[in-house]
Amino acid sequence: MGGRRIAVAALAALLALGAPQAAGAAVEIGPEHIVVTDDEGARAVVQRAPFKLSFVDASGGTVLEHVDGALPGAEANVDESVFPVVPENAHYAPLSFQLGVEKATQHPGGLWTGNMLVGVRAGVVHAATEVVDARAAGDRVELEVATTSPAHVLTVTVAPDEGSAFRVRADLPYTEVVAAFQESFRSEEGEAFHGFGGRHNSIDQRGEDFYNWVEEEAFGAGPLQPLVDFIPGAGGDRYLFPNGPHQAYYVQNVFVSSRPYGFMLNQTEVSRWRMAADRPDAWQVAVRADELDYTVAVGDAPTAIRSLTKITGRHPVSPEWAMGPNLKRNVQQGADDPESQRRKIREDIARIQAEGVRVDAYTYESWDSLGDDWVRETNRMLEDLGIRPVGYVRAYVNDDGNFDPEGTFMHAVRSGHCTRTPGGVPFIGVAVGPACLLDFTNPATVHWWERHKIRRQLDLGFHGFMQDFGEQVTEDMRFHDGSIGVEMHNRYPILFHRTTRRILDAYEREHPDRGEIWMYTRSGFSGYADESGVRHPGSQGYESANFPGDETGDWQRSLGLPSLATDMLNRAVGGAYGFTTDIGGYFDSFTSDVLDEELFTRWMEWSALTPFFRLHNSCCTNDTQMPWEFEHGVERWNALSGLHERAVPYMRELWEQAQTTGMPITRPMWLAAPGEPEARAQDQQWMLGDDVLVAPVVEKGAISRRVWFPEGCWRHGETGEERTGPGYHDVAAPLGRLPWFERCGTDPVPGG
C-alpha cells in the first residue's frame, strides 16, 4: 500500500507541474492531489488543502483554476443584488455558498411580465477549505469537502463529461437555507468571454456584470438617446429599457474563453455573472440555488464549442424552402380586425404576382380568427403559386379578436390550462389585455394545444409557424406538476418548444407526404439538469430557428439594425445558429428613424448572407412595409434574395457539418482568426464558414464600409476587386451593394 501511495503522489506532482499523460478515463487519489482524467487526456486536478480545482489540457497546460485562498471565516451581513442597484460585496473564494435568503421582485403583469425589477440576497458566506474524504466511483470521484462552517460539509462530484470536458456538482446535504452557490476562477489579463446567448451589448463580456434571466420587450432610447448618454451606467448607445444593456430574449448559460476553455452552468435558476468586472484577475458565477452544477470544456474554441453544444443541443437543419425569401403580414396593433386582415392578405397575394416578387413562403399571424374555410382556400392559392403558407402561435391566450377565437381565453381559464397563483386561481395578466400563460406541465393543456393550435394549423395547410413569447413566468406562479416559477422561468421556453416539437415529430411520421415542418421561436434557454441530474437540451435542440425578439425599425445600436450581428454571433456559439431577423424591424412606434428605402435596403443586405431572408416589420404606427412600398424595393428584394438563394447550398452544407462539430454557420471573426487582436473587436461583420466574409453597412447615410480582413486574398463577390489581409480596407458600398468577399480561389456562392 505504501508503494502505491508514493506512486500516486508522484503522478499528482507531475500533473500539478503540467506534464502530459496518456489518454484514458481514470481516477487517481493521492495524499495531496486527486486527478480525474478523461478519454482525451484532459484532467481535472483537485488540490486537497487548501481546496483548489484546476483543469488541465492534454498537453499539460492549465486552462482554468480556482482563485487562490479561501475566506478567513464566516462573512456576514452580505447584500448582493440580482439587478445591480443595491450596494454589494462580492466574495471570491473556491466553491463558496451563502446561508441566508434572497428575494427577487419581478414585473407583475402586462408587457414586461416576469422581467426582473430588483433582487437582494443577504446572509453568511462560507467557502470550501479542504478535502476530508475521496472515493472513486468508476470514472468519477466523490468528495467530502470541509468548509469555513464547522456545521457544513460539501458533497462534490467531479466526472468526465461529453467530449473533452468535466462536470462538477456540489451541494450541502440536509441544509435548506442556502441562498446561493458561487464559483470563482482566475482570469488572465485580456481574457475574452464570448457567448451567453442573444446579447446586444458586446461580443466579449469581459468587464461586464449581469444576470441570466429570459426577458421580453426591450426598447431602445429612440429619440431620447441624447439624454440617456449622460446617465452613468445606462449603457450609452447600448441602453435598453427596462432591464439594461444585457437584457435578452434568448439566454444561454454558456461561454467560450480565449484561454482556452468553455463553461456551462447546468441550471435554470437566476444566475449572476461577474466577468472580471469588479476585479480584473477573476470571474465569478453565483446561482440562486441550493446546489451547483457546471461543466468545463477543455480545449480551444472549436473543441469547446463541439463539447458544449453536444450537451446543449444544436439547431437541426431547416427545410430548404424555409431558407428562401419569406414575406410576413403583421397584425397592425389597434387597427386590424379579421376583415381587414383577410383583405390585406389577398391584396398581398395579388401584388406578389403583379410585381413578380420572389417569394418561397408567406406568413400571416391571424389565421385562427379568419375562418377555417377561408384559410384553407388562401393556403391552396399560395401553394398553387409555389409559396409555402406559414402560421403563428404564442405561449398565452386572450380574446383580442385576432390571434385567438372568441371564447378561447375563458375556455382556457375554466379548463385549468393556465398557470396559477399561490392561492390556486389562474394567473391573469401576462400580456396586453386579460391573458393567461399556458401550463405545459398539464397533460390536458398539452392535449388542447396539440388539437386546437398545432394539428389544426397544420391540417389547414400551413408548412410552418412562428412560436412566439415564453418569457413571462413569474417566481410565484404555480404549475400543474408542482413546479414553481423560480425554477421554471428560464426552463419554460425549453418546455414550450419541446412540447411542440414532440407534436410535430408525430405529425410528420403520420403525414410523410407533407415534408418537414418549420418552427422558429423567440424565447430560449441553454439547457438544464433535472432533480436527478439528468440533463436536457436547450431550446436550440427543439426549434428549427429563432429570431432576436422585437427589433426596432431604426439605426440604433441598442435594438436596431446595428444590434443584430452581436446577437446572432453570441447565440451561435451555444448551438443556436439558425438566426432569422425581422427585415425592417418590428417596432415602429418609438424609434429614432422611420423605415425608409435606405434602412429597408440595408436590412435586406444584412440578411442576404445569413441563414434566412424574412420580412417582418412595422407593428404599430405603420402597416407592414412590403417591397412594393418603395421605389426600388422589388428590384432590390429580388436581387438580394437571389444572392441569398445562391448562398443557401453553401449554408446548408455548413449546417450539416455543424450537426457534428457545433461550429456555427455565421462565425464571429475571433473564431475565424484566433490570436488576431483586431478580430476580437469586430462586432459588425462575420464569416460564412471559412471562405465568405460579410460586412454589411449599418450606419445611416454611409456609402462605404471599413472592413477587417483575415490573412490571405479576398475577392469582392460583386465587383471582383481583391483585398489582402490581415488588415483594414475601405470598401465602396453604395445603396444596394453588400460588401461581401470570397476567399480567392474559392467559389462557395456561385454567380458572384
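Near the amide H of N266, within less than 5 Å, lie the amide hydrogens of D293, Y294, T295, all on another chain or at least 5 residues away, with H placed in the peptide plane.
Taking all protein chains into account, the per residue accessible area for the chain stands at 34 Å² (1.4 Å probe). The convex hull around the C-alpha trace of the range 230-362, projected and averaged over every direction, spans 14.8 square nanometres. Estimated at the nearest 10 Å², the accessible area of K700 is 110 Å² with a 1.4 Å probe. Note on the chain: with charges restricted to the Cβ of Lys and Arg (+1) and Asp and Glu (-1), its dipole about the Cα centre is near 920 debye.
Between the range 662-682 and the range 403-466, what is the separation of their alpha carbon centroids in Å? Taking the Cα centre of the range 403-466 as reference, the centre of the range 662-682 is 42 Å away.
From its DSSP helices (H runs of at least four residues, each -39,500 (n - 2.57)), the chain gives a residue-normalised ellipticity at 222 nm of -6500 deg cm²/dmol. From the Cα gyration tensor of the range 188-267, with a ≥ b ≥ c the square roots of its eigenvalues, which class applies: rounded if a/c is under 1.5, or else prolate if a/b is larger than b/c, or else oblate? It is oblate, given that a/c is not under 1.5 and a/b is not larger than b/c. Across the range 366-377, computed HN-Hα scalar couplings (Karplus, 6.51 cos²θ - 1.76 cosθ + 1.60, θ = phi - 60°) run 8, 3, 6, 10, 9, x, 4, 5, 5, 5, 4, 5 Hz from first to last residue, x flagging Gly and Pro. When the range 418-576 is described by a simple charge dipole with +1 on each Lys and Arg Cβ and -1 on each Asp and Glu Cβ, the residue from A545, V446, N570 located farthest towards its positive end is V446.
Going from most exposed to least, what order do F579, F590 have by accessible area with a 1.4 Å probe? Mind dumping the intermediate values first?
Values: F579 0, F590 85 Å².
The ranking, largest first, comes out as F590, F579.
Ranked from highest to lowest mean number of other Cβ atoms within 10 Å per residue, what is the order of the peptides 664-676, 326-338? Kindly include the intermediate steps, with their values, before the conclusion.
Values: 664-676: 21.5, 326-338: 18.9.
Listed from highest to lowest mean packing, they are 664-676, 326-338.
Couplings 3J(HN,Hα) for the range 524-539, derived from phi with the Karplus relation 6.51 cos²θ - 1.76 cosθ + 1.60 (θ = phi - 60°), are x, 8, 7, x, 6, 9, 7, 4, 8, x, 6, 9, 10, x, x, 3 Hz, where x marks Gly and Pro. With a/c under 1.5 counting as rounded, go ahead and sort the range 390-545 into rounded, prolate or oblate using the C-alpha gyration tensor (a ≥ b ≥ c being the square roots of the eigenvalues; past the cut-off, prolate if a/b is larger than b/c, else oblate). Oblate.
With all protein chains in place and a 1.4 Å probe, the accessible surface of the range 162-272 carries 54 percent carbon and sulfur. How many angstrom lie between the C-alpha centres of the range 634-657 and the range 221-260? If we compute the Cα centre of each part, the gap is 31 Å. Close amide H contacts of T113 (hydrogens built in the peptide plane, cut-off under 5 Å, sequence separation of 5 or more or a different chain): none are found. Let a ≥ b ≥ c be the square roots of the eigenvalues of the Cα gyration tensor of the range 562-657; is it rounded (a/c under 1.5), or, if not, prolate (a/b larger than b/c) or oblate? Since a/c reaches 1.5 but b/c is at least a/b, the shape of the range 562-657 is classed as oblate. Residues whose amide H falls under 5 Å from that of G712, counting only those 5 or more places apart or on a different chain, are G725, with hydrogens built in the peptide plane. Each peptide among 631-637, 360-366, 206-212 gets the average number of other Cβ atoms lying within 10 Å of its residues, and from highest to lowest they stand as 360-366, 206-212, 631-637.
Spin-label model, A444/Q659: points 7 Å from Cα along the beta carbon direction are separated by 4.0 nm. The structure shown yields semi-axes √(5λ) of the Cα gyration tensor in Å, and of the options (i) 54, 29, 27; (ii) 44, 31, 24; (iii) 41, 35, 26 that calculated value carries the label (ii). Per-atom-type breakdown for the range 319-436 gives carbon and sulfur 47% of the accessible area (1.4 Å probe, protein chains only). Take each peptide in 552-564, 126-138, 28-40, count the other Cβ atoms within 10 Å of every residue, and average; sorted highest first, the result is 552-564, 28-40, 126-138.
So what's the gap between the Cα centers of the range 522-599 and the range 700-752, to the nearest angstrom? Cα centroid of the range 522-599 versus Cα centroid of the range 700-752: 26 Å apart. Evaluating 6.51 cos²θ - 1.76 cosθ + 1.60 at θ = phi - 60° for every residue in the range 675-687, the Karplus couplings come out as x, 8, x, 5, 5, 5, 8, 8, 10, 10, 8, 7, 10 Hz, glycine and proline recorded as x.
The values are calculated or read from the model by the stated rules, or taken from the named source; none is laboratory data. As the structure is a prediction and not an experimental result, all values here were calculated from the model. Note that each Cβ is placed from the backbone with ideal geometry, even for glycine, and that neighbours are counted across all protein chains shown. For the accessible areas, the whole protein counts, side chains as well, though only heavy atoms, and no ligand, DNA or RNA atoms are used. Shrake-Rupley method; radii C 1.70, N 1.55, O 1.52, S 1.80 Å.
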